[in-house]
Amino acid sequence: MPARLHVVDNPVLQGILLELRDRSTPRRRFRQLLETAGLLLGYEASRSLPTRRRSVETPLGAVAEGVEPADEEVVVVAVLRAALPMALGVLRVLEDAELGLVAATRLEDTGRRSGGRLVFDVEAPYWKAPRLEGRSVVLVDPMLATGSTLATIASRIAGQRPRSMTLISLIATREGLARVEEALPGWSFDLYTAALDPGLDSRGFIVPGLGDAGDRAFGEA
């Protein structure tokens, strides 16, 4: 089942993306913008999450009914280290959600062509997440480039039988999205992004992209 792709064209988010792309944006500002982008994309992604109905009594003594997020059923999973500011932004929207952290490293010297696409091996040496079975997972990574990292992590999450999975990436490529789809046979998921960039360079970086989001946010590793 194919992914449901949502490219969020809100002009505020697009202005933030443009400033993030600017090589002259300083580190402190870059982190702030990533968090705000996470808030805005998290707001959009909340459309895909479970809700509950509730009634309240208004000051006029009348009853008003409506829906609200069922946040206690949601786990936000951040791919360290680059996703941390964005995940904090998502948690400003889903305030009662739980947080999982995964440290993942793309092994740059393993790059190769497979099925016409550039792929890498990925190590995930640190994995700390709440119970995922039966819950809605929001997986956050700023860049969906080759899809190697998110495919690895999403596949492991799927093995824990969550209720649903939603992906948030600031910038994505169709190549990366296809890789994640292949890693999740039988799954239908939503991807929320601010931009679909046209391609990758020989190193697997998104072009035009914004460079290495982790290095720009926290300093070179």
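Estimated purely from DSSP H runs of n ≥ 4, each contributing -39500 (n - 2.57), the mean residue ellipticity at 222 nm for the chain is -9000 deg cm²/dmol once divided by its residues. For the stretch 169-221, GluC sites (Glu not before Pro) meeting the loop criterion (DSSP other than H, G, I, E, B) and having at most 14 other Cβ atoms within 10 Å: Glu220.
All of the numbers you see were taken from the coordinates with simple rules; none came from a lab. None of these values were measured; they are calculated from a predicted model. Because the Cβ atoms are built from the backbone with ideal geometry, glycine has one as well, and the counts that use them run over all protein chains shown.
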